[in-house]
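Here is the structure we will look at.
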Amino acid sequence: GAVVSQHPSRVICKSGTSVKIECRSLDFQATTMFWYRQFPKKSLMLMATSNEGSKATYEQGVEKDKFLINHASLTLSTLTVTSAHPEDSSFYICSARDPRSGRTDTQYFGPGTRLTVL
Amino acid sequence: AQSVTQPDIHITVSEGASLELRCNYSYGATPYLFWYVQSPGQGLQLLLKYFSGDTLVQGIKGFEAEFKRSQSSFNLRKPSVHWSDAAEYFCAVVTGAGGTSYGKLTFGQGTILTVHP
């Protein structure tokens with residue numbers, strides 16, 4: 001099956017610093033990856049769609065300059081939370097669309113990154 | 001706009017009992033439907049998916065789901081629940097299915113499953 005990894009799994013940082021989260025597809029090439037945010041006891045909220053070699057597409061209400069996304073290769077997308085503040089503390093999950101799934105557009109998810117901003 | 005509703009926020013069953021988690025969707029075209037499971041502090045694992053053909057879909061871990069177009073439902077079932085099934089379950093639909101390369105997922109609110117010994 002398709003495997004997606006995320007690094008780090010957990011990060012604690014001081015307010016005002018930037019944090020980078022990596023998402024990798026391990027056994028397939030993903031032209032499209034997605035970044036989600038999940039609040040406690042809530043469902044997943046799509047933040048942005050990351051496309052290899054082009055700019056990310058952000059959902060309404062998500063600050064592009066705050067959440068920088070780079071998809072430089074077919075197996076790696078990164079999310080950088082810039083000038084993090086306590087309200088950015090959350091569980092961030094990435095997914096990658098497996099092109100082998102054809103029309104079903106199946107996404108496989110990483111294990112998530114718990115960000116805590118002090 | 002498409003939407004997914006999971007009416008039950010929390011369900012409790014006894015180990016060995018049968019399980020049915022409800023999912024209703026609103027989508028104009030033929031939906032591509034998914035069930036994912038999330039253990040605490042973890043990412044989502046795909047249980048099963050439906051995109052065409054047989055309306056009864058078999059998944060991993062003994063789960064199955066039935067697509068009923070007339071009821072706009074895609075309920076998840078398991079005949080005998082194990083303690084390790086305790087987790088949160090999400091139903092989801094892909095938007096722009098088959099028509100775009102983005103395939104954004106719209107998730108339901110999730111159903112937390114508690115299993116009593």
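If you filter the stretch B:24-67 down to residues that are modelled with pLDDT of 90 or more and in contact with a Pro (Cβ under 9 Å, 6 or more places away or on another chain), you find that the one that is nearest to the other protein chains (Cβ to nearest Cβ) is B:Tyr50. Here B:Ser72, B:Ser26, B:Ser18 are screened, and the one residue that is surrounded by fewer than 19 Cβ atoms within 10 Å (Cβ to Cβ), farther than 27 Å from A:Tyr92 by Cβ and touching a Phe, Trp or Tyr at 6+ places or on another chain (Cβ under 6 Å) is B:Ser72. Please work out if A:Thr17 is touching a residue at least 40 places away in the same chain (Cβ under 8 Å) and surrounded by fewer than 16 Cβ atoms within 10 Å (Cβ to Cβ). Yes, satisfied.
Any idea which of A:Gly61, A:Gly16 is in contact with a Ser or Thr (Cβ under 9 Å, 6 or more places away or on another chain), outside any strand (DSSP E or B) and modelled with pLDDT of 90 or more? The unique qualifying residue is A:Gly16. Taking the numbered list (1) exposed (fewer than 14 other Cβ atoms within 10 Å of the Cβ); (2) farther than 29 Å from A:Pro40 by Cβ; (3) under 14 Å from the mean Cα position of the chain (by Cα) in turn, B:Glu66 passes all entries but (1). Residue check: is B:Phe51 over 19 Å from A:Phe34 (Cα atoms), open to solvent by 60 Å² or more (accessible area, probe 1.4 Å) and under 14 Å from the mean Cα position of the chain (by Cα)? Judged against the criteria, B:Phe51 is a match. Selection of the stretch B:75-117 for residues being at pLDDT 95 or above, open to solvent by 40 Å² or more (accessible area, probe 1.4 Å) and within 22 Å of A:Tyr36 (Cβ to Cβ) yields only B:Ile112. A count restricted to the stretch A:19-49 and to residues that are assigned to a strand (DSSP E or B) and small (Gly, Ala, Ser) stands at 2. Being open to solvent by less than 30 Å² (accessible area, probe 1.4 Å), closer than 20 Å to A:Val19 by Cβ, outside any helix (DSSP H, G or I) and not hydroxyl-bearing (Ser, Thr, Tyr) is the filter here; which residues of the stretch A:70-100 pass it? Hits for the stretch A:70-100 are A:His71, A:Leu79, A:Val81, A:Ala84, A:Phe91, A:Ile93, A:Cys94.
The values are calculated or read from the model by the stated rules, or taken from the named source; none is laboratory data. Quick caveat, the model's predicted, so the values are computed rather than measured. Cβ: placed from backbone, ideal geometry, glycine included. Neighbour counts: every protein chain shown. We work out accessible area using only protein heavy atoms, side chains counted, and drop any ligands, DNA or RNA first. Shrake-Rupley method; radii C 1.70, N 1.55, O 1.52, S 1.80 Å.
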